[in-house]
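Input: a single structure, listed below in structure tokens.
The values are calculated or read from the model by the stated rules, or taken from the named source; none is laboratory data. The structure presented is a predicted model; accordingly, all values stated were derived computationally and were not measured. Heads up, the Cβs are rebuilt from the backbone with ideal geometry, glycines too, and the neighbour counts pull from every protein chain shown.
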């Protein structure tokens, strides 16, 4: 037989309780939370960190689009390198591109 409990709590307290519950579930599943990722990641961990499918990650390694290491048949990644790789994908603003174009046109020898 189950027991039903009805309570009234504030939105802030509800959010705090919900975050704690999610954190507990993630810990039970042995999934990292926040900055608790290990420095060396396997394929599944790297895919979760990058929020992509494992097959997509394998495709990126096959095309050498992402930094990885291979020892025998095992592929692994370093968290610091994945973070740098993500940061390298920064898209320049139109203003920055315009500035580069002006600088190039002024310094280009004819």
**Request:** Quick one: in region 57-89, of everything that is within 19 Å of residue 38 (Cα to Cα) and over 17 Å from the mean Cα position of the chain (by Cα), which residue is surrounded by the fewest Cβ atoms within 10 Å (Cβ to Cβ)?
**Result:** 71
**Request:** Give me a count of the residues in region 90-110 that are within 27 Å of the chain's Cα centre (by Cα) and surrounded by 10 or more Cβ atoms within 10 Å (Cβ to Cβ).
**Result:** 3
**Item:** Enumeration of residues in region 83-100 that are under 15 Å from residue 60 (Cβ atoms) and either in contact with a strand residue (DSSP E or B) (Cβ under 7 Å, 6 or more places away or on another chain) or at pLDDT below 85 (or both)
**Value:** 89
**Item:** Any hit, region 7-26, residues being at pLDDT below 80, loosely packed, with under 10 Cβ neighbours inside 10 Å, closer than 30 Å to residue 69 by Cα and out of contact with any helix residue (DSSP H, G or I) (no Cβ under 9 Å at 6 or more places or on another chain)
**Value:** no
